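What follows is one structure encoded as structure tokens, with my remarks underneath.
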Amino acid sequence: DMADAALALDPDLAEAYAARTYSKTFLWVPFEEVASDAQRAIRLEPNSADAHGWYAHLLARERRSDEALREDSIAIGLDPLAPGRRTGSAGNALILDRYELALREADRALALAPDLPVAEATRAIALLMLGRADECVSLQLGPFEGVRALCLHQCGEIVEASALVDSLSGSVLAGTFPDSIHGMANPAASMATYYGWIGDAEASLAWFERSVALSPATVLFWGLESDLLVKFPRDAAFWAGIERLREDLRRRARERR
């Protein structure tokens, strides 16, 4: 809504087209509509690192790997010291199953800004997918503690993983999770990922529903087709539920126009 208001005042405002690209990407608006905003933002301001980086998010969502990685490379070239651009690149690499690249970019983001939880979580997931779960069991992942439970589970520490999940679940359901900056969307999405990993489709879908109701912009929901969820049950009910969530986001976006 705010981007539309800005464009009503200035139809050539690149930042507004870029912001609308970001919002529509996570609301699962169809590719062609979002791409037109992204491409216009870049035409108007070709040196905008965010415009290129947010276009990369859209391309990664569609699993257009080469194009997404190219846009991320342009964005980082324009602003190599921006932690957000490194984190965005790491997230894109993660959902495109480029785990070595995800790990490298997450490390670079953390070198620039050591207290970025999403970069820490991306790094942990990359380690997990590279078969190095033992390296992420001791990480402090803040709103992504469910990812650490995955690492514990993968290392055979089932009791410890279950205890961590029970504690995190209680905090989220009670609304007392200590990281108020991130709210409950990321903790809920990390719980959903944990349950999907261990094969509990019903619990996973319920936690994704809770997460998306708070915010659709979590990398764990956005990257559902990545190999991270290769252990997710491929039953029709789970994936029909995920598609219902995406269609609800698309409907909400249409209704606001």
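Each value in this text was obtained by applying a stated rule to the coordinates, not by laboratory testing. In this text the structure is predicted, and so the values were computed from the model without any measurement. Here Cβ is always computed from backbone atoms with ideal geometry, including for glycine, and neighbour counts include all displayed protein chains.
If I take R0 = 30 Å and measure r between the Cβ atoms of ASP107 and LEU214 in this structure, what FRET efficiency does the formula 1/(1 + (r/R0)^6) give, to the nearest 0.05?
0.55
Along the charge dipole of the range 1-116, which of ALA102, ALA18, ALA35 sits closest to the positive end, that is, farthest toward it, with unit charges on the beta carbon of Lys, Arg, Asp and Glu (+1, +1, -1, -1)?
Of ALA102, ALA18, ALA35, it is ALA102.
List the Cys residues of the chain that have no partner Cys with a C-beta closer than 4.7 Å.
By the Cβ distance rule, which asks for a partner under 4.7 Å, the isolated cysteines are CYS155.
Rounded to the nearest 0.05, what FRET efficiency do MET2 and CYS155 have when you use their Cβ-Cβ distance and R0 = 51 Å?
0.70
Which one, GLY53, GLY223, GLY175, has the greatest fluctuation when you compute a Gaussian network model over the chain with C-alpha springs under 10 angstrom?
GLY175
Would you kindly state how much longer the chain becomes between ARG246 and SER65 on full extension, computed as 0.36 nm times their sequence separation minus their alpha carbon distance, in nm to one decimal? Please report the intermediate quantities before stating the final value.
Details: separation 181, 0.36 × 181 = 65.16 nm, distance 2.13 nm.
Going from the current span to full extension adds 63.0 nm.
Quick one, can you get me the convex hull of the C-alpha atoms of the chain expressed as volume per residue in Å³?
122 Å³
If each DSSP helix of 4+ residues adds -39,500 (n - 2.57) and the sum is divided by the residues in the chain, what number results at 222 nm, nearest 500 deg cm²/dmol?
For the chain, the value works out to -22000 deg cm²/dmol.
How much length would be gained if the chain were fully extended between SER36 and SER171, taking 0.36 nm per residue of separation minus their Cα-Cα distance, in nm to one decimal?
44.5 nm
What residue among ALA19, ALA203, ALA240 shows peak mean-square fluctuation when the chain is described by a Gaussian network model with Cα springs under 10 Å?
In this elastic network of the chain, the residue with the biggest mean-square fluctuation among ALA19, ALA203, ALA240 is ALA240.
Please identify which residues in the range 73-101 have an amide N closer than 13 Å to a label point set 7 Å out from the Cα of ASN47, following the Cα→Cβ vector.
From the range 73-101, the list is 78-79.
So which DSSP H runs in the chain come out at 15 Å plus along the axis (Cα) with average Kyte-Doolittle of at least 0.0?
Details: long enough: 14-26 (19 Å, -0.52); 31-44 (20 Å, -0.22); 49-61 (18 Å, -0.17); 65-78 (20 Å, -0.02); 83-95 (18 Å, -0.38); 99-112 (20 Å, 0.11); 117-129 (18 Å, 1.16); 158-174 (24 Å, 1.37); 185-197 (18 Å, -0.11); 201-214 (20 Å, 0.56); 236-255 (28 Å, -1.01).
Helices meeting the span and hydropathy rule in the chain are 99-112, 117-129, 158-174, 201-214.
For the range 163-220 and the range 126-154, what is the centre-to-centre distance using only Cα atoms, to the nearest Å?
The distance from the Cα centre of the range 163-220 to that of the range 126-154 comes to 15 Å.
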